[in-house]
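Contents: one structure, followed by commentary.
The values are calculated or read from the model by the stated rules, or taken from the named source; none is laboratory data. This one's a predicted model, so the numbers in the text were calculated from it and none came from an experiment. Backbone-built Cβ (ideal geometry, glycine too); neighbour counts: all protein chains shown.
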Amino acid sequence: MITLWSLTYVAVGGALGSMCRYALVTLVSRLASSGFPYGTFTVNVLGAFLMGVWIAIMANMMPARSKDLHLLFSVGFLGGFTTFSAFTIDTFLLMEKGMMVESVLYVIGSFIVSLLALIAGMYLVRLTY
């Protein structure tokens, strides 16, 4: 059920996630100033890792307010932090520049590395419990 509180959790989390994404993409882009979208790649892989950690923590802790925390962190923060729209435009721009190999590596690498990061995050938490 959508309530004012649930929308507030998503909005606050999304705003914080978006600000963190902007800061990290800007930092990574300055450090790796090539034509490859390392910033977006980094936030999406890190976001997948954090989702894995979060899901494993939630499965083990089951707090009374888990729905609110899920809305704040999973839907809000990680929804604002990771970005499929930037991923697709970065892929298009690589293709437009004629960087076909890089665009294919970006798409495949983003999926595989993000999936592995999610699994790693889950297992990391499971090892500590």
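Summary table below
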read-out	value
Unique match (being within 20 Å of Val107 (Cα to Cα), within 15 Å of the chain's Cα centre (by Cα) and without any contact (Cβ under 8 Å) to a residue 12 or more places away in the chain) among Tyr22, Tyr38	Tyr38
Some residue of the stretch 1-20 being of a type outside the set (Val, Ile, Thr) and modelled with pLDDT under 95	yes
The listed residue being in contact (Cβ under 8 Å) with a residue 12 or more places away in the chain, among the acidic types (Asp, Glu) and crowded, with 17+ Cβ neighbours inside 10 Å, out of Asp68, Asp90	Asp90
Exclusive hit being in a helix (DSSP H, G or I), surrounded by 14 or more Cβ atoms within 10 Å (Cβ to Cβ) and among the aliphatic types (A, V, I, L, M), set Met51, Met19	Met51
Qualifying residue in the stretch 68-87 (condition: over 13 Å from the mean Cα position of the chain (by Cα) and part of a loop (DSSP other than H, G, I, E, B))	no
